[in-house]
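Novice: First, the structure itself, so that you have it in front of you.
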Amino acid sequence: MSSELRFDGRVAIVTGAGNGLGRSHALLLGSRGCKVVVNDLGGSMHGGGGGDATPAQKVVAEIKAMGGDAVVNADSVEAGDKIVQTAMDTWGRVDIIVNNAGILRDVSFQKMSEEDWDLVYRVHVLGAMRVTKAAWPHMRDAKFGRIVMTASAAGIYGNFGQANYAMAKMGLIGFAQTLALEGKKNNVVVNTIAPIAASRLTETVLPPDILEVLKPEVVSPLVAYLSHESCSDTGGTYEVGGGFMAKIRWERSQGKTFANGRPISIEQVQKAWGEISGFEKTSHPANIAESMQPVLDNAQKKSLGGNELIDCDQALGWQFPTLYSSYDQRDLMLYALSVGAAENPLDPKELPFVYEMSSSGFQGLPSYAATPAVKAIIDAAVAGQQAPGLNYGFERILHGEQYTVLHRPLPPSAKLVHKGKIKEIWDKGKNAVVVIEMKTTDDQGTPLFDNEISMFVRGAGGWGGERGPASDQNAAPERAPDQVIEQKTDPNQALLFRLNGDNNPLHADPNFAKAFGFDKPILHGLCTFGYSVRHAILAMAGGDARLFKSVRARFADTVFPGETIVTELWKEGGKILLRAKVKERDKVVLSNTAIELYDSVPAEKPAPAAKPAAAAAAASAPAAAGAVTSALLVDVIGFYIEKNPELAGQVKTSFQFKLSSPDSAFYIDLKDGKGKAATGELASPDVTLELSDADFIGMATGKLNPQKLYFGGQLKIGGNVMASQKLEFMKKLDGEKLMAQMAAEGRLPAAAPAAPAAAAAPAASGALTSADIFVAIGDYVAKNKDLASQVKTSFQFELTGPDSSYFVDLKSDPGKVAAGKLDAADCTLTLSDSDFLDMTTGKADPQKLYFAGKLKIGGNVMASQKLMFLKKVDPKAAEAAIAAARSAGGGAAKAAAPAAPKAMKAPGIFAALGERLAKEPALAGEIGAKVAFIVDGKEWLVEADQAPAKVHEGTANEAKAIFTISDADLVELCKTGSPRELFQRGKLRVDGEYLLAHRLGIMKGLVA
Amino acid sequence: MARRVNVIGVGMTKFQKPGQSDDYHEMAAQAGHAALKDAGIEYAEVEQAYAGYVYGDSTCGQRAVYDLGLTGIPVFNVNNNCSTGSTALMLGKQAIEGGIAECVFVVGFEKMEKGALGSKFNDRTNPLEHHVNVMNKAQGFTSAPPAAQMFGGAGREYQWRYGTKRETFAKISEKARAHASNNPLALFGQRLTVDEILASDEVFDPLTRYQCCPPTCGAAAAVLCSDEFAKKHGITNAVYIAAQAMATDMSSSFMEDSMIKMVGYDMAQRAAQLVYEKSGIGPKDVDVVELHDCFTANELLTYEALGLCGEGEAEKFIVEKRNTYGGDVVTNPSGGLLSKGHPLGATGLAQCAELVWQLRGQADKRQVQGAKIGLQHNIGLGGAAVVTMYRKD
């Protein structure tokens, strides 16, 4: 067999080859054509004697008997150069070294002499080194070498009574590993075996029945393979014996990495012992570089500092588990009362904070936004959810500063989702400041407000970290305040305020307060905060809490319930500076405080669609939902692409969108670079998608399926159709989250509309627009011809946000519904677009809208009652009408006249065809047969088999060919005169003689 | 000098509707046992195996042939869309032809899902991208099953050119059902009239439901060997492969905005031409044909691509019944893909089995009298057309 591994022409040195393993290795190599230097001192296993060459000579004779070639060498391995010289002298080369010679001096360490130690070292390690060293230059020059060291399990694992031997064997492994590296370049392969075999060395250790299994002959094949030129694996250690062969390697536990640059205590080591010594997660370093990797990784990390109370590395950036809470209108009113609102119940300015039916609508006090965030953090701490590395107790902390920003006025009730993290940690010298950031959205993901709570941690500073921003910003000016409001708190103020959720006994229990060094329970800092913010709103924002944007306040001292809070206010630059004092003690309690206002009220979140109409009406927050626009979605997509720079590399496609009604163009270019979404047109996009603006919005907000749009003909795709599948990435786009993110980064305009999901109710029919509703009303008016005579009134609708005008004219007969303005409507209704939608879809009661001031009626107010006919509009019929209008208009209904059936073009076309055939008999001759058209169910016969040809309505039965086509496609045919494409697209059906269809070019130009 | 390749054993399962079949490896083993028995050899004598299938994770081929024996031989998994079976056959044939092996085993199997074919991997470029782009340009894209749109569209293009009637397409299905009524292994054994075929649901004009091949589960296998091997086993006068060729898409498939070219007309024509040249046998010499009638429209087009009739003459060829018993040549005596069924990976080998049976005179009621020369045409979109000429002296 040609696949036999041969050693022809190779020269091997096997040390200790007179008996046992060495003999077996030599015989196997010799049997495969290898020339062998059989080295053996001829001593006993304990190394005595010497000079008796008989065993080696026997081996040589055996090799020669097999037809091989071998010589004896009887030198000690300590004279390794002589052994190598034998090979060089005899054959002029050396290719293979099996360092096998060994000796035992087993004795317990207690009794071991230095001679025992030295002798074992000299034979095993020094001997192997000397033989190898002498052969090394020859192997390097020849660019070939195979070296096998013989180690032992005793070295790897230790063995009782073999301290010297284990040392030597393990030494050989390290020796071999390094030679493997140094020899690699010159094809010198070095491996180590840890054999177990019955040899003179093991006779003393193992029982005879096991020795029987452990024949040297089952070890030698591995040695021979490692010595063969086909084996290039180097630096390995193999356990071998009794028929078993396996490679062994190092396994390292995952380990523990301590912060670089920080002292490591013995206790920390003890604490991390599981990680250091556990093998649950492991790696297998195979070289120095891999061994060093964790060290190098750690070296690149610089510790952020800290001490036993605060570990910045662990704590900074730690994110709280998502926290949930909720509040309702009652909570807001209780809060308002607890911060002194409506002390004078007759003051109309403060009633909106505490009375849901207030004539100017209910308003939540914005400072309330700090309460649920702080409570969420306290609740989390009580539940044991605290950032790692913050090892101080409550007793050390003081609420130092509070920053609260509102993205929109507080809804009257909300389910809150809080996401928090440790944002900053500052080393203030003796003390430290830990800043927790808490971002709060509603359960739809709409951002409501953010808080930053700065905790002053006493005695926790001093690790030499950063001090953070200067603390003197927003200082009160020297000049006299522009406004001052004084208000006395009640002696039981804290008892009231704690009902908002901060149950700390410090504010209620006199004994507890005393234990903390206060004469009596103190007022909550956030209560003082609430008073002063309220004062600022009253004095500087005309009492309109919706204009409030943010407050940054520093708690400087405590207030006792019953004391008088004096809020001083300055208008300074774009913001309001605030300082609060306790009048009785003339102490500053809020310092360095600033408030920002919005220029106009930011858009509020609309009431959820599922809310019953009555409740919606009761919740008198104006539902001025901004509609999601395609332009906004392009921004969102652009933002998403910006945040996912890898997208371009994956998608590698450019998309051009052309939207209609209203027309616009934008592109998503993910072809190269970082990707981009912007308005405008690309020079050569891969794919072009044409669809209506409304359908695009539906598609981008996940309400409409692009495939269905495509198959339904609402989406036209040009260019590489298959590439349009790559738009799948848009499905991953979480619009609400992205918009929340954009808002947080200040990337949305102040009056940004609410998140798509919230704005786009009702979901079932895509985004319903007021234009749609008027289509439905138009349809109803057209179908109920007697309506005009009953109602006899004309209505003008003025919708706001977005602004539009429609009229419903039932004064003239037949009635008319259209966009635009009537000259003299009986009655004008002004309301927001979204309220109009709610009203007409039954979600809001017109009367309630009217009484809430959201619906203004001009002209004849009583006439508005006649609008009750709207309640009779059958929703299904309305839906059908809207759908029809959409498919005709390619999207959401445009502001349209009543959906009267579109006039068919076919009659005109066939009349014109009749005229044409009469004028040009030759054309009729081209057809020369009776053919029929079925257009949207109506039949025309073209009798072109006679002169003059006739075209008239009639049954298709007698025709040779029947062409079935829609009115619209018939128009298309007349425009292009090209029936082939219509046929291939299935828009022109042919029955009978197909080839007559080729003649339909005669229709060309029959419509203008 | 290439060696001659003999087909000494064939076998196939009864073709079944999805959900009613055994698992793929059981079907493959059943067809394999039948083919080995037919050849009269042991699996241990097989030196290589080629396994074709389209739907399934990698190495289904091994799992399938392991039921026949664990002999450690090389097993190659083959996937080439609807032409998978004949592609596997071609690889096996090349191994023997080139002297690499003396005896190989080829099996094709498919366990299909209900419903029309679709794409399985939507996170990457679709391999039919170029084809779909041609279609989109020529006729747009509708909600009909994509394959029916492609082949139906090719039918439309042909209709427009030659005025072919819907009835003519339906007649192909009528013939397929009639042939299948004599094939106990076929999925659809009952005959249909042209009226019934035309009255079935329209899938994509001119194709109605009964003009589309059904999703099918089944397996078929063949044993190939060299002359020397056959001799050693005392096999004389075996069916042999006179010539075989594969063609893939050429620029005409995509550059001419033609549905007919896009669905593989030119590939089929080129492969057939190569086979005719290599074998020295022309279309007029052929007695029996198994061709790829995934849709009636494709059978019609293939008549012309293979040269069974002249260009534009297919309607006449069909109406005059020159495509069945008593005509010029019997096309798809097995019932074809339309009636026997189309388990993608198995089809190419089921065609092979039918032709071997026909040339040996073992086709019972559907036997084409005195058949000595058989032609096989198997095509896959994407694409590949494999044409094979079989002969028995």
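The values are calculated or read from the model by the stated rules, or taken from the named source; none is laboratory data. What you see is a predicted model, and the numbers here were worked out from it, not measured in a lab. As a convention, Cβ positions derive from the backbone with ideal geometry for all residues, glycine included, and neighbour counts pool all protein chains shown.
Novice: Consider A:Met904 carefully, then state whether it is outside any strand (DSSP E or B), at pLDDT 70 or above and within 30 Å of A:Leu941 (Cβ to Cβ).
Specialist: yes
Novice: Among the residues of segment B:286-297, is any assigned to a loop (DSSP other than H, G, I, E, B) and over 10 Å from the mean Cα position of the chain (by Cα)?
Specialist: yes
Novice: Something else: Among the residues of segment B:104-144, which ones are small (Gly, Ala, Ser) and farther than 23 Å from B:Ala346 by Cα?
Specialist: B:Ala138, B:Gly140, B:Ser143, B:Ala144
Novice: Would you mind stating whether A:Gly992 is facing another protein chain (nearest Cβ under 10 Å) and in contact with a strand residue (DSSP E or B) (Cβ under 6 Å, 6 or more places away or on another chain)?
Specialist: Yes, satisfied.
Novice: Out of all the residues in segment A:969-996, which are within 16 Å of A:Trp940 (Cβ to Cβ), hydrophobic (A, V, I, L, M, F, W, C) and free of Cβ contacts under 8 Å to residues at least 40 places away in the same chain?
Specialist: Selection gives A:Leu973, A:Leu988, A:Val990.
Novice: Among the residues of segment A:358-390, write down those that are among the charged types (D, E, K, R) and out of contact with any Asp or Glu (no Cβ under 9 Å at 6 or more places or on another chain).
Specialist: Once the filter is applied, which keeps residues that are among the charged types (D, E, K, R) and out of contact with any Asp or Glu (no Cβ under 9 Å at 6 or more places or on another chain), segment A:358-390 yields only A:Asp379.
Novice: Looking at (1) surrounded by fewer than 16 Cβ atoms within 10 Å (Cβ to Cβ); (2) away from chain A (no Cβ under 12 Å), which is the one condition that is false for B:Asn81?
Specialist: Against the list (1) surrounded by fewer than 16 Cβ atoms within 10 Å (Cβ to Cβ); (2) away from chain A (no Cβ under 12 Å), B:Asn81 comes up short only on (1).
Novice: Based on this model, can you work out whether B:Gly152 counts as within 14 Å of another protein chain (Cβ to nearest Cβ), touching a residue at least 60 places away in the same chain (Cβ under 8 Å), surrounded by 19 or more Cβ atoms within 10 Å (Cβ to Cβ) and in contact with a helix residue (DSSP H, G or I) (Cβ under 7 Å, 6 or more places away or on another chain)?
Specialist: yes
Novice: Exactly one condition in (1) surrounded by fewer than 24 Cβ atoms within 10 Å (Cβ to Cβ); (2) part of a helix (DSSP H, G or I); (3) acidic (Asp, Glu) is false for B:Glu354; which is it?
Specialist: (1)
Novice: Let me ask something else. Across segment A:419-429, what is the number of residues that are at pLDDT 90 or above and either among the β-branched types (Val, Ile, Thr) or surrounded by fewer than 22 Cβ atoms within 10 Å (Cβ to Cβ) (or both)?
Specialist: Looking only at that region, the number is 7.
Novice: Residue by residue through segment A:139-154, note down the ones that are free of Cβ contacts under 8 Å to residues at least 60 places away in the same chain and in contact with a Gly (Cβ under 8 Å, 6 or more places away or on another chain).
Specialist: Once the filter is applied, which keeps residues that are free of Cβ contacts under 8 Å to residues at least 60 places away in the same chain and in contact with a Gly (Cβ under 8 Å, 6 or more places away or on another chain), segment A:139-154 yields A:Met139, A:Arg140, A:Gly145, A:Ile147.
Novice: Let me ask something additional. Could you tell me whether B:Lys165 is buried (at least 24 other Cβ atoms within 10 Å of the Cβ) and within 27 Å of B:Gly264 (Cα to Cα)?
Specialist: no
Novice: Given the options A:Ser692, A:Ser660, A:Ser684, name the one that is more than 28 Å from A:Ala884 (Cα to Cα), among the hydroxyl-bearing types (Ser, Thr, Tyr) and modelled with pLDDT of 80 or more.
Specialist: Step by step, each of A:Ser692, A:Ser660, A:Ser684 is checked, and only A:Ser684 is more than 28 Å from A:Ala884 (Cα to Cα), among the hydroxyl-bearing types (Ser, Thr, Tyr) and modelled with pLDDT of 80 or more.
Novice: Say we look at segment B:123-134 and pick out the residues that are surrounded by fewer than 18 Cβ atoms within 10 Å (Cβ to Cβ) and part of a loop (DSSP other than H, G, I, E, B); which of these is nearest to the other protein chains (Cβ to nearest Cβ)?
Specialist: It comes out as B:Asn126.
Novice: Right, another one. Among the residues of segment A:425-472, count how many are of a type in the set (Val, Ile, Thr), assigned to a strand (DSSP E or B) and under 23 Å from the mean Cα position of the chain (by Cα).
Specialist: Number satisfying all stated conditions: 3.
Novice: Pick out the one residue from B:Lys120, B:Lys137 that is surrounded by fewer than 16 Cβ atoms within 10 Å (Cβ to Cβ), within 14 Å of another protein chain (Cβ to nearest Cβ), assigned to a loop (DSSP other than H, G, I, E, B) and not hydrophobic (A, V, I, L, M, F, W, C).
Specialist: The conditions single out B:Lys120.
Novice: Follow-up. Among all residue pairs at least 6 apart or on different chains, which show Cβ distances below 8 Å where the first residue, located in segment A:716-729, is facing chain B (nearest Cβ under 7 Å) and touching a residue at least 12 places away in the same chain (Cβ under 8 Å) and the second is acidic (Asp, Glu) and not in a strand (DSSP E or B)?
Specialist: A:Asn720/A:Asp686; A:Asn720/B:Glu129
Novice: A further question on this structure: Out of the residues in segment A:951-996 that are part of a loop (DSSP other than H, G, I, E, B) and of a type in the set (A, V, I, L, M, F, W, C), state the one that is farthest from B:Lys165 (Cα to Cα).
Specialist: This residue is A:Ala956.
Novice: Follow-up question, since we're still on this one. Can you pull out the residues in segment A:653-682 that are small (Gly, Ala, Ser), over 18 Å from A:Glu728 (Cα atoms) and not in a strand (DSSP E or B)?
Specialist: Hits for segment A:653-682 are A:Ser661, A:Gly673, A:Gly680.
Novice: Count, please, the residues in segment A:252-271 that happen to be β-branched (Val, Ile, Thr) and under 18 Å from A:Gly464 (Cα atoms).
Specialist: Qualifying residue count, segment A:252-271: 1.
So that you can scan it fast, the table gives a plain yes or no per residue for (1) touching a Lys or Arg at 6+ places or on another chain (Cβ under 8 Å); (2) at pLDDT 80 or above:
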| position | (1), (2) |
| --- | --- |
| A:Arg579 | no, yes |
| A:Asn592 | yes, yes |
| A:Ala610 | no, no |
| A:Pro622 | yes, no |
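Novice: For the subset of segment A:683-722 comprising residues that are in a loop (DSSP other than H, G, I, E, B) and of a type in the set (A, V, I, L, M, F, W, C), which member is farthest from A:Phe657 (Cα to Cα)?
Specialist: A:Leu704
Novice: Here's something else I'd like to know. Just checking, how many residues over segment A:790-818 are in a strand (DSSP E or B) and either touching an Asp or Glu at 6+ places or on another chain (Cβ under 9 Å) or exposed (fewer than 15 other Cβ atoms within 10 Å of the Cβ) (or both)?
Specialist: Counting residues in segment A:790-818 that are in a strand (DSSP E or B) and either touching an Asp or Glu at 6+ places or on another chain (Cβ under 9 Å) or exposed (fewer than 15 other Cβ atoms within 10 Å of the Cβ) (or both) gives 11.
Novice: Note down all Cβ pairs under 6 Å where the first residue falls in segment A:587-601 and is farther than 16 Å from A:Pro477 by Cα, the second is assigned to a strand (DSSP E or B) and among the charged types (D, E, K, R), and they're at least six residues apart or on different chains.
Specialist: Correct list of pairs: A:Glu596/A:Lys549; A:Glu596/A:Lys575; A:Leu597/A:Lys549; A:Tyr598/A:Lys549.
Matching residues to (1) in contact (Cβ under 8 Å) with a residue 40 or more places away in the chain; (2) of a type outside the set (Lys, Arg); (3) within 14 Å of chain A (Cβ to nearest Cβ); (4) at positive phi:
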site	(1), (2), (3), (4)
B:Thr168	yes, yes, yes, no
B:Ala180	yes, yes, no, no
B:Asp195	no, yes, no, no
B:Ala199	no, yes, no, no
B:Cys212	yes, yes, no, no
B:Phe229	yes, yes, no, no
B:Lys232	no, no, no, no
B:Ile235	yes, yes, no, no
